[in-house]
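Reviewing the structure listed below.
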Number of protein chains: 2
Amino acid sequence: FYGEPVDPALAARFAFWCEADRLKSVYRATPIADGSRKENTGEHSWHIMLYALTLADQAQDGVDIAMALKMLLLHDIVEIDAGDTPIHGAVTPEAQKAQEEAEIKAADRLFGLLPPEQGAEFRAIWEDFEAAQTPTAIFAKSIDRVQPVLHNLADDGGSWRTYDVKLHQLDARVGVKIAKGCPKLWPYIRSQCEPWFVARGAL
Amino acid sequence: FYGEPVDPALAARFAFWCEADRLKSVYRATPIADGSRKENTGEHSWHIMLYALTLADQAQDGVDIAMALKMLLLHDIVEIDAGDTPIHGAVTPEAQKAQEEAEIKAADRLFGLLPPEQGAEFRAIWEDFEAAQTPTAIFAKSIDRVQPVLHNLADDGGSWRTYDVKLHQLDARVGVKIAKGCPKLWPYIRSQCEPWFVARGAL
Ligand SMILES: [Ca+2]
């Protein structure tokens, strides 16, 4: 940027927004719905907020939809430094631990760009999401799992093909979490997925 | 999708989400911050929601931040059918009118994919944003104008170069709207922009 910053709090936010912009260059394992390219994490974050707003009536008692939107807005910013972890990729406990450490470092750096009070506020939202203990976080986590399933379905398997996923693995890795936050949604989604896995003998 | 829909409301939402996904393939006049490619409207929507959350303390009396986020989440969905109108592109009154009609048609079709009650709710949010009468809509409109300015600055002019924009045009087309929703923000942003326009003799 040109010129002299006149307001340190605004200058700090400018730096944060520019850095956050790099989330648009983090590509995920799942495609956009037409299958033409991989989805980036910036547009993914927008899309799942749309899911969350649309699915507000599926939320259980105690879910704060406005906070769920904030969680989903911020939830993947750490991927700028730590990268995306495909849900169906094989992960050792060591790799999992390294990933978690990388995400904490990323949160330190990225939320640390903001004025301290605001950085702490955003980080607390991210930590609540990651901890998945509150009804709101459980709902938001559920939503985050729904969208890739639908994109894989729309793209004849998408990342299920890449990672040779079986239906029981989808149940274990994805279904359990969707069902926890949106109990009525998972049976419907599963019924949509089942024929694809049956047709490939991938149970 | 495969299988039989068991819940028409969910099936309607699936159709809406898939259609909304196409916003990731609508490209805008402004680049992402590193200048490497144009920004798409899906990721743009995520990014300006991040701006809105970060700038909550700039909001004037009567602004509902949670509603501003919903407005920004939904505000550009009509571009799937109606396309993006670059703010610095020359527009005749006829073209402007045609664009508005295209957006209304787009809203009919896209929000019409949802269960009626939800479609009406989303459409009302979009209409409130477009009308720019409430403090919340004025704030959201202001935020929508801030981000492209910063990306153009970061990309040595970006769409200002494309459309040969002068500083007085930036004031009139962008500054007025930013200042209306975030009065303290515009003087700072303008002070950051001024040297770029001065250096090019583009006042
Ligand atoms: Ca993720």
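The values are calculated or read from the model by the stated rules, or taken from the named source; none is laboratory data. Every value quoted in this text rests on a predicted model; they were computed, and no experiment measured them. Heads up, the Cβs are rebuilt from the backbone with ideal geometry, glycines too, and the neighbour counts pull from every protein chain shown. Note: accessible area is taken over every heavy atom of the protein model, side chains too, but ligands, DNA and RNA are not part of it. Shrake-Rupley method; radii C 1.70, N 1.55, O 1.52, S 1.80 Å.
A few points about this structure:
- Note on chain A: GNM, Cα springs under 10 Å; of A:D171, A:D84, A:D34, the largest mean-square fluctuation is that of A:D34.
- Treating r as the C-beta distance of A:K38 and A:E117 and R0 as 45 Å, the FRET efficiency rounds to 0.80.
- Take A:13-26, B:152-165 and order them by the average number of nearby Cβ atoms within 10 Å per residue, most first; the result is A:13-26, B:152-165.
- Note on chain A: with a GNM built from Cα contacts shorter than 10 Å, the maximum mean-square fluctuation among A:I143, A:I104, A:I48 falls on A:I104.
- Most mobile listed residue (B:E94, B:E121, B:E43) in chain B, GNM with C-alpha springs under 10 Å: B:E94
- Computed over segment B:77-157, the ratio Rg/Rh where both radii use C-alpha atoms and Rh is Kirkwood: 1.02
- Annotation: segment B:4-46 has a Kirkwood hydrodynamic radius of 12.0 angstrom, from the mean reciprocal C-alpha pair distance.
- Shape index of segment B:127-203: Rg/Rh, with Rg the Cα radius of gyration and Rh the Kirkwood radius from the inverse mean 1/r over Cα pairs, equals 1.00.
- Cross-link table A:K24/B:K141; A:K105/A:K141; A:K141/B:K141; A:K141/A:K166, entries beyond 25 Å C-alpha to C-alpha: A:K141/B:K141
- Inter-chain neighbour count for B:181-189: the average number of beta-carbon atoms from partner chains within 10 Å of each residue's beta-carbon is 2.
- Percent RCO, i.e. relative contact order, over segment A:8-199, from Cα pairs under 8 Å lying at least 6 residues apart: 27
- Note on A:D164/A:Q133: beta-carbon distance plugged into 1/(1 + (r/R0)^6) with R0 of 35 Å gives a FRET efficiency of 0.60.
- Amide H contacts of B:T30 (H built 1.01 Å from N, under 5 Å, at least 5 apart or other chain): B:E39
- Over segment A:8-199, all Cα pairs binned in 5 Å intervals from 0 give whole-percent P(r) values of 1, 8, 15, 19, 21, 17, 11, 5, 2, 1, 0, 0, listed from short to long.
- C-alpha long axis of helix B:185-199 to longest principal axis of chain B, angle in °: 60
- Area buried, chain A against chain B - accessible surface, total, 1.4 angstrom probe, square angstrom: 5300
- Residue by residue along B:153-163, Cβ atoms of other protein chains within 10 Å of the local Cβ number 1 on average.
- Considering all C-alpha pairs of segment A:1-93, those separated by over 19 Å amount to 56%.
- Reported value for the protein assembly as shown: 136 Å³ per residue, from the convex hull of its C-alpha atoms.
- Per-residue mean of foreign Cβ neighbours for B:35-47 is 6 (Cβ atoms of other chains, 10 Å radius).
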